[in-house]
Amino acid sequence: MNKFKKKTTYRSNRGRNSSGMGIYFFAIAVALLCIGGATYSLRSDIGHLDNALAQQEKSMKEMDKTKRALLSEMDTIKNSEDLMDKAKFQLGMVYPDESQLVYIEVNEKTEKNDINQNVYLSPVISVLRFFTGE
């Protein structure tokens, strides 16, 4: 028989398994990067919205202050006694006497339509005037 026996060699599966694991880890890394990018984008959007909300609240506070100031000024104007005191003392105005008051009568102006200026009615009116003798 043959003195030399052929040795059987076994191939290891390391090469095959490691390449499959590499693709698996690469896919996980890409997925994590995508999730991280989406999270960063959403946090950035939330930050912008928070800034806009803060500006709106600041603007509302300023408008509320202006509204309160105008309402208080309007309340002082509505009160006729305060208005009279303000006119007398701050502006130096004097309320007029009865002899200084003058009342003017205003008549309402009624608009007359001249029929002669109306292109459509003018011939009809002229015929009617002819028959009535006016």
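The values are calculated or read from the model by the stated rules, or taken from the named source; none is laboratory data. All of these numbers come straight from a predicted model, not from anything done at the bench. Heads up, the Cβs are rebuilt from the backbone with ideal geometry, glycines too, and the neighbour counts pull from every protein chain shown.
Residue pairs, Cβ under 6 Å, 6 or more apart or interchain, first in region 84-96 and at pLDDT 80 or above, second part of a loop (DSSP other than H, G, I, E, B). List them.
Short answer, once both residue conditions are applied: 87/93.
Given (1) exposed (fewer than 10 other Cβ atoms within 10 Å of the Cβ); (2) of a type outside the set (D, E, K, R); (3) part of a helix (DSSP H, G or I); (4) modelled with pLDDT of 80 or more, where does residue 15 come up short, assuming only one miss?
In the conditions (1) exposed (fewer than 10 other Cβ atoms within 10 Å of the Cβ); (2) of a type outside the set (D, E, K, R); (3) part of a helix (DSSP H, G or I); (4) modelled with pLDDT of 80 or more, residue 15 misses (4) alone.
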